[in-house]
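Take a look at the structure below.
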Amino acid sequence: MGCGGSKNGNNLEVERNPLADAARLESQARLSTESAEADIRARSDQEEVEEAAAIESAIAALMAEGEKAVKEGGLPKHGYLVKCGTVHANWLKRWFVLQNGILAYHTNENKLDFKGRYNLSYCRILEAESHPAKPNHITIAVNGAAPRKFLMRIENEADESECVAWRNAIASWCL
């Protein structure tokens with residue numbers, strides 16, 4: 001006989017269970033959907049990371065060019081600020097150092113691992129966007145090939161004098 005055979009011959013006929021087939025197909029469809037969703041999430045995260053890296057690279061290139069053109073006479077300052085993350089919009093406490101027109105930030109004052117930096121010659125403070133409801137926020141517009149906004153706030157939001165000191169120090173170097 002052919003592939004099917006008969007119950008009485010050497011080949012056994014396999015009975016199909018429609019419920020088991022439906023469950024198997026449903027399971028395969030669910031796994032396929034979950035896999036597709038994971039691929040989309042991974043691509044989105046990767047695209048965000050690549051975009052952030054491109055922005056930081058463009059800013060670093062502009063700053064390397066422009067370090068010769070830094071304004072003189074601005075105010076130096078250092079201390080903790082809380083910045084809005086570049087890739088994910090979360091708030092991160094960082095140690096900031098403002099010197100010679102460069103605003104650099106690190107993980108903390110004991111770990112000067114250089115997380116980022118901005119040549120303030122290419123920046124300006126956006127007073128209107130510095131959260132009127134939260135006066136201790138500072139928004140800086142970074143100009144150049146990859147313009148963006150950089151949002152930070154004073155660690156102790158009740159300390160308005162510290163915010164004014166940071167705002168004045170940053171403004172002394174900005175455009």
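The values are calculated or read from the model by the stated rules, or taken from the named source; none is laboratory data. What you see is a predicted model, and the numbers here were worked out from it, not measured in a lab. When we count neighbours, we look across all protein chains shown, and the Cβ atoms used for this are built from the backbone with ideal geometry, even at glycine.
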Any idea how many residues of the stretch 110-132 are surrounded by fewer than 19 Cβ atoms within 10 Å (Cβ to Cβ), modelled with pLDDT of 85 or more, under 20 Å from the mean Cα position of the chain (by Cα) and not in a loop (DSSP other than H, G, I, E, B)?
2
Given the condition β-branched (Val, Ile, Thr) and assigned to a helix (DSSP H, G or I), answer yes or no: does some residue in the stretch 151-170 qualify?
yes
Under 7 Å between Cβ atoms, at least 6 apart or on separate chains: pull out the pairs that start in the stretch 145-165 with a residue that is within 17 Å of Leu92 (Cα to Cα) and in contact (Cβ under 8 Å) with a residue 60 or more places away in the chain and end on any residue that is part of a loop (DSSP other than H, G, I, E, B) and of a type outside the set (Lys, Arg).
Arg153/Asn136; Ile154/Asn136
When the stretch 88-105 is examined, which residues are found to be surrounded by 13 or more Cβ atoms within 10 Å (Cβ to Cβ) and not in a strand (DSSP E or B)?
Asn100, Gly101
Of all residues in the stretch 89-114, which are of a type in the set (Gly, Ala, Ser) and farther than 17 Å from His137 by Cα?
Gly101, Ala104
